[in-house]
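The structure appears right after this line, and notes come after that.
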């Protein structure tokens, strides 16, 4: 139990910390898996793309198809790398910013809202990169990107941004009132 | 200190979102700024050569924004945690104030990349990067490095001192 004192950090709810730690753990597992199963992942993606020639605009001519497949595989790999990086980064951001919110935001309603927006948005957003990668072989690069954008990046990223700016405003108000 | 860190994190997250949403507009703006200053960017009037110069400068601008995003998300939480260690473990008030000031300056380091992105467009790629590195990135990055080093020394001394 931490005291309700401005000079001491107050712990965010355990569920928030658990979400952040799980996110970092997933990022680590993702990074390790990318390295360990690089060939298997590339083979799976290539096979799934070859099974859907129309989706990827493949015409059956090697000189035309190979650059298309290569570009899609680069994006597939980039999505996995971006998941790894964003999940690691957002885990740390969730811990630090919810710590600040729990300690410095006075109103209970505002505090809960900020913590919820940052946690849900921050933990959900990186999963969009995983979804993007997973959908590239099935839907094509652009379609997969649009799907991830609307299903994950816009709602979860938007929530995290709103939460972060609300927190910035709340801390600024505390600073002005001091 | 807390405000600076939270502000930098929010700005970094917003930059990432804007870079993703407005990539074509940012690219067009950067290209237009380079073309509007042919002498500064060393454009020669040869389409092939100029296209390469424009592409390199646009890439440097995008890299600056990308560095702002990644450094803000990575450095600001670290600085906030380090400043908490200072508040908890560094005893003498002047030393604590000095370390907090170093971390506050270090926390502004990612903002230098915003200046970097604009400077390469306004002053030319090499001149812009050199100026920002010398005048902003090195002092602010140096403050962060000094802060972390001093904190490490303070923690080591505390460990060796009486319990």
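Things to note:
- For the range B:1-17, a residue qualifies if it is more than 7 Å from chain A (Cβ to nearest Cβ) and under 18 Å from residue A:91 (Cα atoms), and the qualifying residues are B:5, B:8, B:11, B:12, B:16.
- The residues in the range A:47-78 that are touching a residue at least 60 places away in the same chain (Cβ under 8 Å) and surrounded by 13 or more Cβ atoms within 10 Å (Cβ to Cβ) can be counted, and the count is 8.
For (1) at pLDDT below 90; (2) crowded, with 23+ Cβ neighbours inside 10 Å; (3) facing chain A (nearest Cβ under 10 Å); (4) touching a helix residue (DSSP H, G or I) at 6+ places or on another chain (Cβ under 6 Å), each residue gets a yes or a no:
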{"residue": "B:52", "(1), (2), (3), (4)": "yes, no, no, no"}
{"residue": "B:63", "(1), (2), (3), (4)": "no, no, no, no"}
{"residue": "B:66", "(1), (2), (3), (4)": "no, no, no, no"}
{"residue": "B:78", "(1), (2), (3), (4)": "no, no, yes, no"}
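- Here residue B:58 meets the list (1) buried (at least 18 other Cβ atoms within 10 Å of the Cβ); (2) without any contact (Cβ under 8 Å) to a residue 40 or more places away in the chain; (3) within 11 Å of chain A (Cβ to nearest Cβ) almost entirely, failing just condition (3).
- The range A:151-169, subset within 15 Å of the chain's Cα centre (by Cα) and either more than 10 Å from chain B (Cβ to nearest Cβ) or surrounded by fewer than 19 Cβ atoms within 10 Å (Cβ to Cβ) (or both), residue farthest from residue A:92 (Cα to Cα): A:151
- Out of B:46, B:20, sole residue that is more than 17 Å from the chain's Cα centre (by Cα), modelled with pLDDT under 90 and within 14 Å of chain A (Cβ to nearest Cβ): B:20
The values are calculated or read from the model by the stated rules, or taken from the named source; none is laboratory data. Not measured: the values here are computed from a predicted model. Ideal geometry is used to build each Cβ from the backbone, glycine not excepted, and the neighbour counts take in all protein chains shown.
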